[in-house]
Amino acid sequence: MVKRIYFAVLILIILSGCSQITGKDVLLINIKTLEMALDQKDWESAEEHTDELQRLYEDNRWKIQLLGDEGEYEKLYEGIQRLKVTIREEANPESKIELATVKSLIKDIYSL
């Protein structure tokens, strides 16, 4: 009986420690800062945040692949690439549309 209680406590500790490892929060925080850079038309900062978003996607790709279906994570990758191009071209309305698309895809993937 005591072993079962210890086992249950151990499982709870392990599961509570793993609650924020999916990458959703860091992706959404990066998107929020990217939105602020686009609102201020700070293209240099926006490009840096987009590169960071690309890196975060690469770091969390296997988690995203587990959570979403193939179409979702491929569209997310394509959306990030289109976002990089629109920011490089300093196209503010298009950049905001692409960022909204990327944000929506992330929310859809993580909506379990």
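Values quoted throughout were computed directly from the atomic coordinates according to the rules given, and no laboratory measurement underlies them. Note that this is a predicted model, so its numbers are computed, not measured. Counting neighbours? That spans all protein chains shown, and the Cβs are built from the backbone with ideal geometry, glycine included.
Cross-link partners among aspartates and glutamates for Lys75, C-alpha distance below 12 Å, same-chain residues fewer than 8 apart left out?
Lys75 reaches Glu98, Asp108.
Determine ³J(HN,Hα), in whole Hz, for all residues of region 56-68 in sequence, where each value follows from phi through the Karplus function 6.51 cos²θ - 1.76 cosθ + 1.60 and θ = phi - 60°; x replaces Gly and Pro.
Karplus values, whole Hz, x for Gly and Pro: 5, 4, 4, 5, 10, 4, 5, 5, 5, 5, 6, 7, x.
Which of the GluC sites (Glu not before Pro) across region 23-112 are loop residues per DSSP, with 15 or fewer other Cβ within 10 Å?
The qualifying sites are Glu89, Glu90.
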